[in-house]
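Report on the structure given below.
The values are calculated or read from the model by the stated rules, or taken from the named source; none is laboratory data. This structure is a prediction, so every number in the text was calculated from the model and none was measured. All Cβ positions, even for glycine, are placed from backbone atoms using ideal geometry, and neighbour counts span all protein chains on display. To get the accessible areas, we keep the full protein, side chains included, count just its heavy atoms, and leave off ligands, DNA and RNA. Shrake-Rupley method; radii C 1.70, N 1.55, O 1.52, S 1.80 Å.
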Amino acid sequence: MQFFVLAVTLVVLTGIGFFFGRSHALSSVSGRARNLHSLPDYYGWYLALWCGLPSFGLFLLWVLAEPYLIDVLVINQMSAVLPDKWAGSSDLILNLVQSLAAGHTVPGEATPALQEAADHYNALKKTSFAGLAAAMASLVAAGLAWGLRQITPGLRARNQVEKVLRWLLVASATIAVLTTIGIILSLLFETIRFFQLTPFWDFLFGLSWSPQTSIRTDQVGSSGEFGAIPLFTGTLLVTFIAMAVAVPIGLMSAIYMADYASPKIRNIAKPMLEVLAGIPTVVYGFFAALTVGPFLRDVGMATGLEVSSESALAAGGVMGIMIIPFISSLSDDIIAAVPQSLRDGSLALGATRSETVRSVVLPAALPGVISACLLGVSRAIGETMIVVMAAGLAAKLTANPLESVTTVTVQIVTLLVGDQEFDSAKTLAAFALGLVLFAVTLVLNLVALRVVQKFREQYD
Amino acid sequence: MGKQETNVVDVRTPRVSIAIPQGEKGDNGQAGAAKEKPLKMRTQGVNVFYGDNQALSEIDLDIRENEVTALIGPSGCGKSTYLRCLNRMNDTIEGCQVEGTVTLDGENIYDRTVDVVHLRARIGMVFQKPNPFPKSIYDNVAYGPRIHGLVSSQDALNEIVMTSLTKAGLLDEVRNRLHEPGTGLSGGQQQRLCIARAIAVNPEVILMDEPCSALDPIATARIEELIDELRKNYTIIIVTHNMQQAARVSQRTAFFHLGVLVEFGDTERVFTSPRDERTQGYITGRFG
Ligand SMILES: Nc1ncnc2c1ncn2[C@@H]1O[C@H](COP(=O)(O)OP(=O)(O)OP(=O)(O)O)[C@@H](O)[C@H]1O
Ligand SMILES: [Mg+2]
């Protein structure tokens, strides 16, 4: 709350700085904006940046460093008064102090020493905030004064603002890249920890997956088996079914839209197909679980086939429907990018439309179409909601689409749902699976993008 | 279908061995009639509309066998539109409507009984910009014969490909790279490949829409030679913006202006003593 007030104040001050800078620049040339080096607004931005940026930087630093500093101070102060039994458990103490300070009751432990520490904690927080506010205010003032002195008609405000903008953009891009790297690294480290508990080859080539581990050592229970092959085959099976649905339908509708449909129909049909892409996957999920699954089971019963109510077929089929717009929309763009002159050339030789599509348009668009399909595959592999709801949980090693199977994503979900010990093999297995998933989709996407690029070059 | 095959085969058999007897044909049929060649195509009262815009009005034009007919005129006057009427490529354009009659050997090609696919096999087309398929040189030429089932054996197909490339004057340059992509050829070679591709189906008429506009003078000269050569076996209609080219390669010239056919006659006559002042203006303007 306090921070919010601080932030709003800063924004308002920056805004004031903008107008101040603008009018100052204008008055320095007695209103004739042509005599300024840059447009008046740039002087406004210039001053606003001087006002806002330094204290914003301070604010960020403070937010990052403050909790740590306060903790250290509190612990130092307490270590003198605390009984020995607390020694070494500073995290626990800090937790207690913080909840006391926030006004929560702490069961049985509210000793005077703790209470005192809590008060100390609150006092420190207050001081720190006051200090922050004062420091920011003076930075704003200093920035304002400095910026105003800089503003002269000859100041290249536009170039300066441009420079700052550039660095802001660089900073944003860096944050994006760093977060990605951070996520990958954490995946990697947790995976390494997992492989210290479970041998790498057992994971990658083991045929049996039953991740139940005992939480306490005195519990009876299995020690867990982490052979991921059933998950891989399950994922493959569902993906295969999904692609068997999505590729033919998506491709043919793309061909229809690009080569057969009149512009009028295309303008209606394309957005309609793309609406499919906007449906949340959870909706597909219950569609698969509540409608398609039972329907398939009924059909199976009527025809004497044994279909489990959660089947790879139901999940894969619905997932295929989900991926149709993805493939059709991409392929449509790619097919439409095949030059009309090639079609004309073929038609003028007396080829029919479908011969033209088959022998000229599709071969020309093939690389692009393949990469559209690869992108579709990587979506299918990563898709979670539909399979969680409709494919089942049993890690069966089967190629029968009528049985229930489980996938990598489903297992990640079930491994992490509920209370978990963070460093058990069971939890860490999720990271290993996540890493595999990441690696596979990354490779697929890279290949697909590369192919699309090649294709673009061919016609540019 | 049966008709189509006999037709194509009939026409081809003499053509493969025809190279010399061409002069003889002209002597035979037309000796008396002031060397008038027989009529190949005729358009009568052709109007073309793109939506509500009329692009051509009341075009009457006779095209004679084994002649090169040049279509000239300022940009946007409807030359390409007229050319596309002749093989019904306008059918593929949304909102384009053609009225009037266009006959090929006396048969109206806009008649409901006419099979467009068959028609386009009889009337080949070469486009302004070379548009080889992204296939090998061989497959480019073999494309037409394959889709029309003109050949039953690989040898026969090879033969057609070779003769077509020879007639298009390209064989010597590509003999060793028949299985490399056609898109890897130079612009002029690509255009000759497109001509070879059109010839391979054994059309009776070849339509060319500014076939040299993307080419340098040397490649242009080659294609002009080629057109002159092809005239012996085919009827050719060519659109060009180049007056010298029209004068060099054609026997007849049609001048279009704003969607109407202003003047049509022997090339020599049209260029030396145009009857319409618009024609004269256009031609002299270009000559400078
Ligand atoms: N696909 C089309 N849709 C609508 N109008 C068209 C279309 N193609 C041509 N037109 C119009 O028809 C008229 C004749 O065009 P056409 O392409 O036949 O001219 P052209 O004589 O070939 O010109 P150029 O020498 O520039 O190639 C023009 O006014 C043009 O705008
Ligand atoms: Mg044209």
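Ranked by solvent-accessible area (1.4 Å probe, protein heavy atoms only, all chains present), the residues B:179, B:241 order from largest to smallest as B:179, B:241.
Taking each residue as 0.36 nm, the span from residue A:423 to residue A:9 lengthens on full extension beyond its C-alpha to C-alpha distance by 144.6 nm. In terms of its C-alpha gyration tensor, the stretch B:170-227 has an oblate overall shape, because the principal axis ratio a/c (a ≥ b ≥ c, square roots of the eigenvalues) is not below 1.5 and a/b does not outweigh b/c.
Rounded to the nearest 10 degrees, the inclination of helix B:277-287 to the longest alpha-carbon principal axis of chain B is 50 degrees.
Of the residues B:114, B:201, B:68, the one that moves most in a GNM of chain B with alpha-carbon contacts below 10 Å is B:114. Look at the stretch A:349-357: the mean tally of other chain Cβ atoms within 10 Å of its residues' Cβ atoms is 6. Using the charge dipole of the protein assembly as shown (Lys, Arg: +1 at Cβ; Asp, Glu: -1 at Cβ; taken about the Cα centre), state which of A:140, A:338, B:124 has its Cα farthest towards the positive end. Checked the options; the winner is A:140.
Per-residue accessible area (protein heavy atoms, 1.4 Å probe) orders A:201, A:146 as A:201, A:146, starting from the largest.
Rounded to the nearest 10 degrees, the angle from helix B:137-147 to the longest Cα principal axis of chain B is 80 degrees. Counting only alpha carbon atoms, the long axis of helix B:2-16 and the longest principal axis of chain B meet at about 90°.
Roughly how big is the stretch A:2-155's charge dipole about its Cα centre, with Cβ charges of +1 (Lys, Arg) and -1 (Asp, Glu), in debye to the nearest 20? Provide the component values of the computation, followed by the final result.
Numbers: 7 positive and 8 negative charges, 209 e Å.
Using only the charged Cβ atoms, the result is roughly 1000 debye.
Start at zero, step by 10 Å, and the Cα-Cα distances of the stretch A:2-155 spread as 10, 29, 19, 15, 12, 9, 4, 1 percent across the bins.
Counting only complete DSSP H runs, which helices of chain A cover 20 Å or more along their long axis at the Cα atoms and score a mean Kyte-Doolittle of 0.0 or above?
Qualifying helices, which must be both long enough and hydrophobic enough, are A:2-28, A:40-79, A:112-150, A:157-197, A:229-255, A:263-278, A:312-336, A:362-382, A:425-459.
Here are some pairs, B:40/B:135; A:125/A:426; A:264/B:40; A:264/B:135; A:396/A:426; A:396/A:454; which of them have Cα atoms lying more than 30 Å apart in this structure? From B:40/B:135; A:125/A:426; A:264/B:40; A:264/B:135; A:396/A:426; A:396/A:454, over 30 Å: B:40/B:135; A:125/A:426; A:264/B:40; A:264/B:135; A:396/A:454.
Shape verdict for chain B, please, from the Cα gyration tensor: rounded (a/c under 1.5), prolate (a/b greater than b/c) or oblate.
On the way: a/c = 1.44, a/b = 1.35, b/c = 1.07.
In terms of gyration-tensor shape, rounded.
Accessible surface comparison of A:419, A:333, A:259, B:155, probe 1.4 Å, protein chains only, largest first: the order is A:419, B:155, A:333, A:259.
Within a straight-line Cα-Cα reach of under 16 Å, residue A:270 can be paired with the following aspartates and glutamates, leaving aside sequence neighbours fewer than 8 residues apart in one chain: A:259, A:332, A:333. The solvent-accessible area of residue A:454, taken with every protein chain present and a 1.4 Å probe, is close to 120 Å².
Using the Cβ of residue A:270 as centre and a radius below 15 Å, the other residues enclosed give a net charge of -2, where K and R count +1 and D and E count -1.
When only Cα pairs under 8 Å and 6 or more residues apart are kept, what is the percent relative contact order across chain B?
Numbers: 490 pairs, mean separation 70.0, N = 288.
Answer for chain B is 24 percent.
Estimate for me the total accessible surface buried between chains B and A (protein heavy atoms, probe 1.4 Å, no ligands or nucleic acids), in Å² to the nearest 100. It would help to have the intermediate numbers written out before the result.
Working: alone 13570 and 25470 Å², together 37470 Å².
The B and A chains share an interface burying roughly 1600 Å².
What you get for chain A, charging only the Cβ of Lys and Arg (+1) and of Asp and Glu (-1), is a dipole of about 2100 debye around the Cα centre.
Output the peptides B:264-271, B:157-164 sorted from most to least packed, where packing is the average of other Cβ atoms within 10 Å over each peptide's residues. Provide the component values of the computation, followed by the final result.
Values: B:264-271: 17.2, B:157-164: 19.0.
Peptide ranking by packing, descending: B:157-164, B:264-271.
Taking beta carbons within 10 Å but only from partner chains, what does the mean come to for residues A:330-342?
Neighbouring Cβ atoms belonging to other protein chains average 1 per residue here.
Each of the peptides B:252-261, A:422-431 was scored by the mean count of other Cβ atoms within 10 Å over its residues; in descending order, highest first, they stand as B:252-261, A:422-431. With a Förster radius of 41 Å applied to the beta-carbon distance between residue B:277 and residue B:218, the computed FRET efficiency rounds to 0.70. Computed FRET efficiency, Cβ-Cβ of residue A:449 and residue B:241, R0 56 Å: what is it to the nearest 0.05? Taking R0 as 56 Å, the efficiency between residue A:449 and residue B:241 is 0.85.
Rolling a 1.4 angstrom probe over the protein heavy atoms with all chains in place gives the protein assembly as shown an accessible area of 50 Å² per residue. The Cα atoms of the protein assembly as shown give a gyration tensor whose axes a ≥ b ≥ c have a/c of 1.5 or more with a/b no greater than b/c, which makes the shape oblate. For the pair residue A:60 and residue A:305, label points projected 7 Å from Cα toward Cβ lie 5.8 nm apart. Selection among A:104, A:56, A:40 by position relative to the dipole of the stretch A:2-155 gives A:40 as farthest towards the positive end (Cβ unit charges, Cα centre). The percentage of C-alpha pairs in the stretch A:225-459 whose separation is greater than 32 Å is 30%. Inter-chain neighbour count for B:140-147: the average number of beta-carbon atoms from partner chains within 10 Å of each residue's beta-carbon is 3.
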